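The structure appears right after this line, and notes come after that.
The values are calculated or read from the model by the stated rules, or taken from the named source; none is laboratory data. Just so you know, these numbers come straight off a predicted model, no measurement behind them. Reconstructed Cβ throughout: ideal geometry from the backbone, glycine too, with neighbour counts over all protein chains shown.
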Amino acid sequence: MKFADTNDKIIPAYCVGKDSLFEKSKTFDPVTKDWIKQNNFLGSLGQSILCPTKTSDMVALLGLGDENSRKRSRFSLAAAAKSLPAGSYEIVNPDAVENLEIEVLGWLLNNYVFDKYKNKKAFQAYLVQPKTINSDRVLKLAEAEALARNLINTPTSDMGPEDLASAVKNLANKFDAEYSEIVGKNLIQKNFPLIHAVGRASAQEPRLLEIKNGSVGPKVTLVGKGVCFDTGGLNIKPGRSMGLMKKDMGGAANVLALTSMILSTGMNIQLRVLIPAVENSISGNSFRPGDILTARNGSTVEINNTDAEGRLVLADALSFASEDNPDLIISMATLTGAARVAVGADIAPFFTERNEVSDILKTSGAQQKDPVWPLPFWDPYEKMIEPDTADLDNAPSGGYGGAITAALFLRRFVTMSNSYIHFDIYSWSDTNKPGLPKGGITQGPRAIFDALPKILDI
């Protein structure tokens, strides 16, 4: 993903909406006007057209639709740009585009293609970087997004716990951050029993990955679910449900995208990143339904479904995070199907006990075209995660409120719950959309990145 080379032949591009096309067309020469009419260009969202001029040069028109249609699209400019032929384009009326910086990001994200295993034709309409935006920031956001997409799209054969560890180490090295890991039986010795229990059946040993950076500013710890593949364990998933489980490390990928944003822009915080990296596989030493395991913080957990493994590995990581008394802990995980039922695939639901934080995140999400929405830590549901034979139940029966009960489970492992935010994300686009091709995507990092200075008052 890049901006256009200014040495290329540049095609001027006019952004017009259905409500502004008529007024703008008054400035075009007769040849261009006739071409617009003959090709039935109306300025509708997603429309684009190359038009001749009386000087024989070409101009592009990009349709931004009307206010209602823009509300129904994530990236309006990307929608129009997606139908352009290959070339380099310069927006000559940037004031016509609302939230130009994020719309430009959407254009860049159109150019993403995952071609590791197959040569794919990349989107070839490049944009000249607008002078009125912080292009360097936009590129850093795009690079962070590409990092997450590549990690999620890579199959587990090349993105197991060892490979994820290499990716985390590479990111740390890129920014001269401190990296460490705890692997295999050392997890038992260091008191991470749940991470070890979930990952011990895999051919690749489970591990806890850690990045540290910064010595001044508020302490912020990010925790990402790194389940590189989830068979469901002994409660094995049906084939249809297992097909996308390479993306079950989407929480880790999103955390790493956010980490890249923070480190590349030099945000003034003390950053710590924790990723439990495991594969929930099946063998003779798999953890079992009915087992009662003891977590790092001493809580006992009854295993009623081995397919509810993500909250287990996060539990140990959150306990570890809390021991450092950070100012803020944020967890991200592809945790429950219930979250998708609640808000659909486009929105990232989150949990926080602070209303002001919720408001900040919602506002940032809207501005960054990274939609997020609060769900409650509903205390009356606490009894649903409390079985008769242990402190906690990893898979309460009943089927209702599954995203909430999972969030309540995680909250039990955070010392200061009012400083905790949890995101239950999908991290996948089921269809090709402007700026959001089918496959792995981020959900929440841009909203969090924009919100952090306001939440932390820095």
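None of LEU151, LEU109, LEU127 is more than 30 Å from GLY63 (Cβ to Cβ), out of contact with any Pro (no Cβ under 6 Å at 6 or more places or on another chain) and of a type outside the set (S, T, N, Q) except LEU151.
Name every residue in region 34-57 that is out of contact with any Gly (no Cβ under 6 Å at 6 or more places or on another chain), under 22 Å from GLY87 (Cα atoms) and not in a strand (DSSP E or B), in order of residue number. Correct list: TRP35, ILE36, ASN39, PHE41, GLY46, THR53, LYS54, THR55, SER56, ASP57. Is it the case that region 319-342 has a residue that's in contact with a helix residue (DSSP H, G or I) (Cβ under 9 Å, 6 or more places away or on another chain), over 19 Å from ILE275 (Cα atoms), among the hydrophobic types (A, V, I, L, M, F, W, C) and surrounded by 20 or more Cβ atoms within 10 Å (Cβ to Cβ)? Checked against the condition, which is being in contact with a helix residue (DSSP H, G or I) (Cβ under 9 Å, 6 or more places away or on another chain), over 19 Å from ILE275 (Cα atoms), among the hydrophobic types (A, V, I, L, M, F, W, C) and surrounded by 20 or more Cβ atoms within 10 Å (Cβ to Cβ), region 319-342 yields at least one hit. Scanning region 306-338 for residues that are closer than 25 Å to LYS237 by Cα and among the acidic types (Asp, Glu) turns up ASP307, GLU309, ASP316. Taken together, the criteria place ILE347 among residues that are out of contact with any His (no Cβ under 8 Å at 6 or more places or on another chain) and within 30 Å of LEU244 (Cα to Cα). Within region 438-458, residues that are more than 20 Å from ALA148 (Cα to Cα) and touching a residue at least 24 places away in the same chain (Cβ under 8 Å) have Cβ atoms under 6 Å from residues that are in a helix (DSSP H, G or I) and not aliphatic (A, V, I, L, M) in no pair, counting only partners at least 6 apart in sequence or on another chain. The residue of region 114-131 that is surrounded by the most Cβ atoms within 10 Å (Cβ to Cβ), among those that are among the polar types (S, T, N, Q) and at pLDDT below 95, is GLN124. The set of residues in region 419-449 that are more than 14 Å from the chain's Cα centre (by Cα) and within 16 Å of LEU361 (Cβ to Cβ) comprises SER419, TYR420, ILE421. Within region 311-323, not a single residue is in contact with an Asp or Glu (Cβ under 8 Å, 6 or more places away or on another chain) and at pLDDT 95 or above.
Among the residues making up region 58-80, those that are out of contact with any helix residue (DSSP H, G or I) (no Cβ under 6 Å at 6 or more places or on another chain) and assigned to a helix (DSSP H, G or I) are GLU67, ASN68, SER69, LYS71, ALA79, ALA80.
Scanning region 319-354 for residues that are under 15 Å from VAL227 (Cβ atoms) and part of a helix (DSSP H, G or I) yields a single hit, GLY337. All told, GLY290 meets the bar of being surrounded by fewer than 18 Cβ atoms within 10 Å (Cβ to Cβ) and not acidic (Asp, Glu). Taken over region 319-366, the criterion of being over 17 Å from ALA451 (Cα atoms) and small (Gly, Ala, Ser) is satisfied by SER319, ALA321, SER322, ALA333, GLY337, ALA338, ALA339, ALA342, GLY344, ALA345. Scanning region 22-33 for residues that are over 17 Å from ASP66 (Cα atoms), outside any loop (DSSP other than H, G, I, E, B) and either free of Cβ contacts under 8 Å to residues at least 24 places away in the same chain or not assigned by TED's automatic domain parsing to the domain that holds ASP57 (or both) returns VAL31, LYS33.
Among all residues of region 398-405, there is at least one that is more than 17 Å from ARG340 (Cβ to Cβ) and either assigned by TED's automatic domain parsing to the domain that holds GLY444 or among the small types (Gly, Ala, Ser) (or both).
Number of residues in region 386-431 that are touching a Pro at 6+ places or on another chain (Cβ under 9 Å), under 17 Å from MET332 (Cα atoms) and assigned to a loop (DSSP other than H, G, I, E, B) equals 1.
Residue count for region 382-396 under the criterion of being more than 7 Å from GLU302 (Cα to Cα), among the aliphatic types (A, V, I, L, M) and in contact with a helix residue (DSSP H, G or I) (Cβ under 6 Å, 6 or more places away or on another chain): the result is 2. Considering (1) crowded, with 18+ Cβ neighbours inside 10 Å; (2) of a type outside the set (Ser, Thr, Tyr); (3) at pLDDT 95 or above; (4) under 22 Å from SER427 (Cα atoms), the lone condition that ASN111 does not fulfil carries the number (3). Here the condition is being surrounded by fewer than 20 Cβ atoms within 10 Å (Cβ to Cβ), small (Gly, Ala, Ser) and closer than 23 Å to LYS140 by Cβ; of SER76, SER88, it holds for SER88 alone.
Exactly one residue out of ILE152, ILE236, ILE195 is surrounded by fewer than 22 Cβ atoms within 10 Å (Cβ to Cβ) and on the phi < 0 side of the Ramachandran plot, and it is ILE236.
Out of GLY65, GLY43, one residue alone is in contact (Cβ under 8 Å) with a residue 40 or more places away in the chain and touching a Lys or Arg at 6+ places or on another chain (Cβ under 8 Å). It is GLY65.
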